[in-house]
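Scroll down for the structure; my scribbles are underneath it.
The values are calculated or read from the model by the stated rules, or taken from the named source; none is laboratory data. Quick caveat: nothing in here was measured; it's all calculated off a predicted structure. FYI the Cβ positions are ideal-geometry reconstructions off the backbone, even for glycines, and counts take in every protein chain you see. Areas reflect the complete protein model, heavy atoms only, side chains present, ligands, DNA and RNA absent. Shrake-Rupley method; radii C 1.70, N 1.55, O 1.52, S 1.80 Å.
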Amino acid sequence: MKKSLLACTLCIISLGLFAQEKSKKITLFANVQVFDGTSDKLFKADVLVEGNLIRQISKEPLMVVQTDNVSIIDGGGNILMPGMIEGHGHVMFASDLPKLFNQDEFEQGVNAARRANDYLMHGFTTIRDAGGNSFGVKRAIDQDIFSGPRIYPSGAAIGQTSGHGDFRSHVDGHPYYDGVDNGGVVNKWKHTLIADGTDEVRRAVRDQLFRGASQIKIHTGGGVTSFTDPLQAAQYTPEEIKAAVEEATRYGTYVMTHSQMNNSVVASLDAGVKSIEHGLVLEESTVKRMAELGVFYSPQLFLPLQPTAGNPMFQDPIQQAKLKVVAEGTRNAIALAKKYKLTILWGTDCFFGSAPYSAFTQEFAYRDEFFKPVEQLKQITGNNAKVLALSGLKNPYPGAELGVIKEGAFADIIIVKGDPTRDIKLLMDANNIVFIMKDGKNYKNTIVK
């Protein structure tokens, strides 16, 4: 008892010293169970936020005096955890493909702003954007012009002529007329870029770094969405992939690659790529090598495993035939990833229309077949934060950690009604996210007083 009183007294004294700093808001979270982003177990603690950072975590009660600058949040015994991180999002592709072809950048920006706010209101305080010209939307969010998550932008996804990112029609002409800035209607808004040969690849990478990319996204194999490239097609030569990796490395960051099939994953590993996106048709030797290299693995399960008839993204027969191949390899790939203890990321890859975005939280349900709830919680917080930190010199939010409840970390915090360590599907319903804080600012509070 004396120890508790002493701790409380010291806390009051300590808080009294910095509570006078009127410029920094202070928030005390009490009566919560904490999931810290890395541990298997919850623990009861008080969490104190000063400004945009977590100042103190105490298993003894903390005491503050509530003023205009000090708030006390009674968590009601619910779970306090890091804000969730979307590890593979496309915030700019908020419209379906036909609409995207005919929208100007202003309409696209408005739609993207809406999707960004939807993410935040679902408890996602950060997105690693895996392709799309999201730089302007990111800047507007950072300036608090509208609400949304932090964005780690890749900028335009870079690919070869007739590759996964080549969305030209047969009448769009030759991509070389305007160099890497051309390549079709989607490319017009710089959501994807066509670059052939090492010099063009280097230029494309440098251009995205100039625009503000925190990491580089390339396509090294065929995809389900695209129509002109076979799923099994290896894309980019070893020299072209290495050129992209070299340029990203020179700027202190890394390359993530669309690599669905084993051959494209192997080529990506050979070149030094650090994050494999999708990778759902794999051989055991490849997964073992990924583990040895410490490469991040970013699979998506909602898209390949849902029934074809109900798939909101892939209705064309060409796409459905490709999706069938991916679906048949998915369970084996996840089993191998678990066997070799890969660092598995959590992401959805939802794009092209309101239906996929409305259903993106189904990823929780589809992963529930393969992972314990606490494993998913680690993937969507601590694991995803590790790949964000890999952006190094190009990290748009330096100075503190994301994805963890830890002293000195950014104050990106949510409170969940119920216990997602027992039922991960609670996170599918935004109504269960009763409190949302990003960068020390409150965006939602529906906790019953």
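Of all residues in region 411-430, which are assigned to a strand (DSSP E or B) and in contact with a Pro (Cβ under 9 Å, 6 or more places away or on another chain)? Even if it seems obvious, please write down each step before you answer.
Narrowing region 411-430 to residues assigned to a strand (DSSP E or B): 413-416.
Selection gives ILE413, ILE414.
Restricting attention to helices (runs of 4 or more DSSP H) lying wholly within region 92-194, give those where 1 or more residues are modelled with pLDDT under 90. Before you say what the answer is, go through the steps one by one.
On the way: elements: 97-102, 105-121, 135-142, 185-188.
Once the helices (runs of 4 or more DSSP H) in region 92-194 are filtered for at least 1 residues that are modelled with pLDDT under 90, what remains is 97-102, 105-121, 185-188.
Would you mind telling me which numbered condition in (1) farther than 29 Å from THR192 by Cβ; (2) among the acidic types (Asp, Glu); (3) assigned to a loop (DSSP other than H, G, I, E, B) ASP349 fails?
(1)
Please indicate, with yes or no, whether at least one residue in region 381-392 is in contact (Cβ under 8 Å) with a residue 40 or more places away in the chain and in a loop (DSSP other than H, G, I, E, B).
We begin by selecting, within region 381-392, every residue in contact (Cβ under 8 Å) with a residue 40 or more places away in the chain; these are 381-388, 390-392.
Then keep just the ones that are in a loop (DSSP other than H, G, I, E, B); that gives 390-391.
Yes, region 381-392 contains a residue that is in contact (Cβ under 8 Å) with a residue 40 or more places away in the chain and in a loop (DSSP other than H, G, I, E, B).
GLY403 is checked against (1) buried (at least 23 other Cβ atoms within 10 Å of the Cβ); (2) among the small types (Gly, Ala, Ser); (3) part of a helix (DSSP H, G or I) and fails just one. What number does that condition carry?
Every listed condition holds for GLY403 apart from (3).
List pairs: first residue in region 282-295 and farther than 19 Å from LYS386 by Cβ, second residue at pLDDT below 95 anywhere in the structure, Cβ distance under 8 angstrom, at least six positions apart or on different chains.
LEU282/GLY329
Among the residues of region 227-255, count how many are open to solvent by 60 Å² or more (accessible area, probe 1.4 Å) and outside any loop (DSSP other than H, G, I, E, B).
Final tally of qualifying residues: 7.
Taking region 363-378 as the region of interest, how many residues are open to solvent by 10 Å² or more (accessible area, probe 1.4 Å) and outside any loop (DSSP other than H, G, I, E, B)?
Total satisfying the criteria: 6.
Give the residue, chosen from THR421, THR381, that is surrounded by 15 or more Cβ atoms within 10 Å (Cβ to Cβ), within 25 Å of LYS274 (Cβ to Cβ) and of a type in the set (Ser, Thr, Tyr).
Values: THR421 fails: within 25 Å of LYS274 (Cβ to Cβ).
Going through THR421, THR381 in turn, just one is surrounded by 15 or more Cβ atoms within 10 Å (Cβ to Cβ), within 25 Å of LYS274 (Cβ to Cβ) and of a type in the set (Ser, Thr, Tyr): THR381.
Which pairs turn up if I take residues in region 429-442 that are open to solvent by 20 Å² or more (accessible area, probe 1.4 Å) and look for partners that are assigned to a strand (DSSP E or B) with beta carbon separation below 7 Å, at least 6 apart in sequence or on another chain?
Close Cβ pairs satisfying both conditions: ASN432/VAL416; ASP439/PHE410.
Looking only at region 256-276, which residues are open to solvent by less than 10 Å² (accessible area, probe 1.4 Å), of a type outside the set (Val, Ile, Thr), out of contact with any Gly (no Cβ under 8 Å at 6 or more places or on another chain) and outside any helix (DSSP H, G or I)?
MET256, SER275
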